[in-house]
Amino acid sequence: MLKIDFLQTNFESKRTISLNQWVLLIVGYLILNIIISNVVMHGEPIPIASILNSLIFLFTFILIFKKFGVDFKNTWNMWKKSFNRDFALCFLVSIILVPLELLMVHFNLTGTLLKHHSVEMTNALNELISKTNYLGLFLWFFSLGILTPIVEEIFFRRLLYVALRHQYNFKRSIVFGSLIFALFHPGALLLTFITSFVCYYLYERFQRLSLTIFLHSFNNLVILSISIYRLS
């Protein structure tokens, strides 16, 4: 019988915030997102609000990791060394994951909980396409393909998952983490649960955040590209 509780990863040695602190952080993120979206950038088809929110929290993460004593230069060098390996593994996983996601989208099996989330994005993309707004489309790719994967991987993989692993075993942590991630994506509940499960598994197995960022980014870019193609 395959044993998948990777005790050798020793997550207890990784510094993180507590689960209570994570909840406060995510509440702050949601409040800031509501304020920017509805007050500062209300009705804008360009994802400026998402970009601003992501940049603010990237700065927050830098402060948190500085407090942890993270050597950013060393981390960057390690990421560069593992780039080819991470990219290759990401490609292999995507060969299976992306077609599965496309089938789920095609047969409406994404598990949509709140339809207005996906409708808002579709309407925004439609407006940009109709106006041939290439800058707006580029910002969507920049937001969903680069900033969002980095922010969400730090939020849900590096901070939340490590906090969960401090208290629970692998099986409980991956289920709890995937459920929480899915609930924050009500436009595609089942689809995001599956992709999140895969990302948590890879992070547990290889302990490289760069790998899950690659996979998350590639996944978002493919879905966005297909959405734009179907709307064109």
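Values quoted throughout were computed directly from the atomic coordinates according to the rules given, and no laboratory measurement underlies them. All of these numbers come straight from a predicted model, not from anything done at the bench. With ideal geometry, Cβ positions are generated from the backbone for all residues, glycine too; neighbour counts draw on all protein chains shown.
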Taking +1 at the Cβ of each Lys and Arg and -1 at the Cβ of each Asp and Glu, which of Ala163, Leu128, Ala182 sits farthest along the dipole of the stretch 16-231 towards its positive end, judged by Cα position relative to the Cα centre? Ala163
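Two decimals, Cα atoms only, Kirkwood Rh: what is Rg/Rh over the chain? Walk me through the numbers on the way to the answer.
Values: Rg = 17.9 Å, Rh = 18.7 Å.
Result for the chain is an Rg/Rh of 0.96.
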Tilt, helix 170-183 to longest principal axis of the chain (alpha-carbon atoms), in degrees rounded to tens, equals 20 degrees
Could you work out the helix-only [θ] at 222 nm for the chain, with each DSSP H run of four or more residues adding -39,500 (n - 2.57) and the total divided by the number of residues, to the nearest 500 deg cm²/dmol? -23000 deg cm²/dmol
Percentage relative contact order, the chain, counting C-alpha pairs under 8 Å, at least six apart: 32 percent
Under a point spin-label approximation (7 Å from Cα along Cα-to-Cβ), what is the Asn126-Val222 distance to one decimal in nm? 2.7 nm
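If you place +1 on the Cβ of every Lys and Arg, -1 on the Cβ of every Asp and Glu, and leave all else neutral, what size is the dipole of the chain about its Cα centre, to the nearest 20 Debye?
Result for the chain is approximately 720 debye, rounded to the nearest 20.
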Peptides ranked, highest mean first, by Cβ atoms within 10 Å: ranges 217-230, 70-83, 155-168, 87-100: 155-168, 217-230, 87-100, 70-83
By how many degrees, between 0 and 90 and to the nearest 10, does the Cα long axis of helix 209-231 differ from the longest principal axis of the chain? 20 degrees
At Asp71 and Leu102, where each label point lies 7 Å from the Cα along Cα→Cβ, what is the point-to-point distance in nanometres? 4.3 nm
